[in-house]
Amino acid sequence: MSFIIGIDGPAGSGKGTLTKLIAKKFGLTHIDTGITYRAVAKAVLDNNIKLDEKEKIIEIARNVDIQIVPEENVDKVFLNGKDVTQDIRSKEVTAIVSQVSSIKEVRLLMVELQRKLAKGKNVIMEGRDICTYVFPNADIKIYLKASLEERARRRFEENKQKGINMSYEEILESIKLRDENDMHKEIGSLQVAEDSIVVDTTGLEIEQSLEKLSKIIEERIKEIKI
Ligand code: DC
């Protein structure tokens with residue numbers, strides 16, 4: 001038996017930072033499902049495969065070995081044994097990941113991996129379709145949102161700290177495009193699950209969002225008497 005908190009939301013909604021903090025606070029395993037799609041996208045680039053070569057992309061997804069090693073700040077990611085923790089956040093990967101993750105067969109394979117990663121553990125899992133598709137029966141379901149401009153501004157600051165060179169305008173356009181793609185997938189598109197609690201983080205500092213989410217989680221834990 002495992003206890004699952006699912007957190008969905010668009011790029012820059014604060015999912016990454018908040019889920020890590022909640023994992024620490026509540027003693028849960030943190031799983032960022034975006035990593036699995038980013039790793040496939042990285043393998044697609046490494047193998048010089050074009051986005052219209054669908055069968056080749058599916059073959060890659062079927063054969064990749066993705067290992068996620070939890071670390072204090074950034075989880076380490078290994079693709080076929082090679083450390084790609086930094087590379088999966090590159091501009092190039094970010095530019096194609098949404099399209100790669102739109103391929104139904106790729107999604108089915110990654111969802112299988114994501115469910116395996118959670119097996120037997122108490123987890124907080126972040127993504128786009130956790131509450132609607134990966135774990136529709138999650139114990140706690142949350143949808144995080146924030147305005148497009150605020151999400152772009154956050155990503156800009158984050159990138160600056162990581163030494164990733166992208167202008168605010170570039171990020172805004174890239175997020176807009178990804179939102180559009182993420183919301184129109186055949187399966188697993190970004191949607192608010194019927195029974196998810198929607199939390200808007202626009203204008204909130206991380207500490208304020210953390211407090212809001214912690215309250216929701218604590219109340220729900222009391223309700224379901226874990
Ligand atoms: O959360 P992220 O930006 O690292 O996600 C990268 C991409 O993967 C994003 O464009 C949407 C996709 N994704 C998805 O389709 N389903 C998920 N559960 C997680 C991410």
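Quick note: the coordinates plus some simple rules give every number you see, no bench work behind them. These figures come from a predicted structure and were not determined experimentally. Every residue, glycine as well, gets a Cβ built from its backbone with ideal geometry; the counts of neighbours run over all protein chains shown.
Give, rounded to the nearest 20 debye, the magnitude of the charge dipole that the chain has about its Cα centre when Lys and Arg contribute +1 at Cβ and Asp and Glu contribute -1 at Cβ.
Computed charge dipole of the chain: roughly 480 debye.
Using amide H atoms built in the peptide plane, which far-off residues or other-chain residues are under 5 Å from residue 201 H to H?
HN-HN under 5 Å from residue 201: 145, 146.
Would you work out the charge dipole size for the stretch 34-142 about its Cα centre, treating the Cβ of every Lys and Arg as +1 and the Cβ of every Asp and Glu as -1, and quote it to the nearest 20 debye?
Values: 18 positive and 17 negative charges, 47 e Å.
That gives a dipole near 220 debye.
Can you compute log10 of I(q)/I(0) for the stretch 74-226 with the Debye formula, treating each Cα as one identical point scatterer, at q = 0.18, 0.21 Å⁻¹?
-1.46, -1.64
Output ³J(HN,Hα) for the stretch 14-28: one whole-Hz value per residue in order, computed from phi by the Karplus curve 6.51 cos²θ - 1.76 cosθ + 1.60 with θ = phi - 60°, and x for Gly and Pro.
In residue order, the calculated couplings are x, 3, x, 4, 5, 5, 5, 5, 5, 4, 5, 4, 9, x, 10 Hz.
Let me check against my output: what whole-number percent is the relative contact order of the stretch 47-86, with C-alpha pairs under 8 Å and at least 6 apart?
Value for the stretch 47-86: 25 percent.
Express the relative contact order of the chain as a whole percentage, based on alpha carbon pairs under 8 Å and six or more residues apart in sequence. Mind dumping the intermediate values first?
Numbers: 332 pairs, mean separation 73.5, N = 226.
Relative contact order comes out at 33 percent.
Looking at the chain, which longest stretch skips every one of the GluC sites (Glu not before Pro) that is in a DSSP loop with at most 12 other Cβ atoms within 10 Å, leaving the sites themselves out?
Answer from the scan: 73-185.
Please label the shape of the stretch 171-225 as rounded, prolate or oblate, based on the square roots a ≥ b ≥ c of the eigenvalues of the alpha-carbon gyration tensor (a/c under 1.5 means rounded; beyond that, a/b larger than b/c means prolate, else oblate).
Numbers: a/c = 4.30, a/b = 1.52, b/c = 2.83.
Verdict is oblate for the stretch 171-225.
Please name whichever of 132, 117, 159 sits farthest to the positive end of the charge dipole of the stretch 115-173, dipole taken about the Cα centre and charges placed at Cβ: Lys and Arg +1, Asp and Glu -1.
About the Cα centre, the residue reaching furthest to the positive side is 117.
Longer than 24 Å from Cα to Cα, which of 24/212; 24/116; 76/119; 82/104; 42/176 are they? Say none if no pair is.
Details: 24/212 16 Å; 24/116 21 Å; 76/119 20 Å; 82/104 26 Å; 42/176 21 Å.
As for pairs spanning more than 24 Å Cα to Cα, those are 82/104.
Among 101, 143, 81, which residue has its Cα positioned farthest towards the positive end of the charge dipole of the stretch 53-171, with +1 placed on the Cβ of Lys and Arg, -1 on the Cβ of Asp and Glu, and the dipole taken about the Cα centre?
So the residue we want is 143.
In debye, nearest 20: dipole of the stretch 138-215 around its Cα centre with unit charges on the Cβ of K, R (+) and D, E (-)?
180
Which ³J(HN,Hα) values, rounded to whole Hz and listed in residue order, are derived for the stretch 208-213 from phi using the Karplus coefficients 6.51, -1.76 and 1.60 in 6.51 cos²θ - 1.76 cosθ + 1.60 with θ = phi - 60°, glycine and proline given as x?
5, 5, 4, 5, 4, 5
Can you compute 3J(HN,Hα) from phi for each residue in the stretch 98-103, using the Karplus curve 6.51 cos²θ - 1.76 cosθ + 1.60 with θ = phi - 60°, rounded to whole Hz and x for Gly and Pro?
5, 5, 4, 6, 7, 6
Using amide H atoms built 1.01 Å from N in the peptide plane, name the residues 5+ places from residue 190, or on other chains, whose amide H lies under 5 Å from its own.
When sequence neighbours closer than 5 places are left aside, the close amide H contacts are 183, 184, 185.
When only DSSP loop residues count, what trypsin sites (Lys or Arg not before Pro) in the stretch 161-226 have their Cβ near at most 10 other Cβ atoms within 10 Å? Write out the running numbers ahead of the final one.
Values: sites: 162, 176, 178, 185, 212, 215, 220, 222, 225; in loops: 185, 225.
Of the trypsin sites (Lys or Arg not before Pro), the ones in loops of the stretch 161-226 whose Cβ has at most 10 other Cβ atoms within 10 Å are 225.
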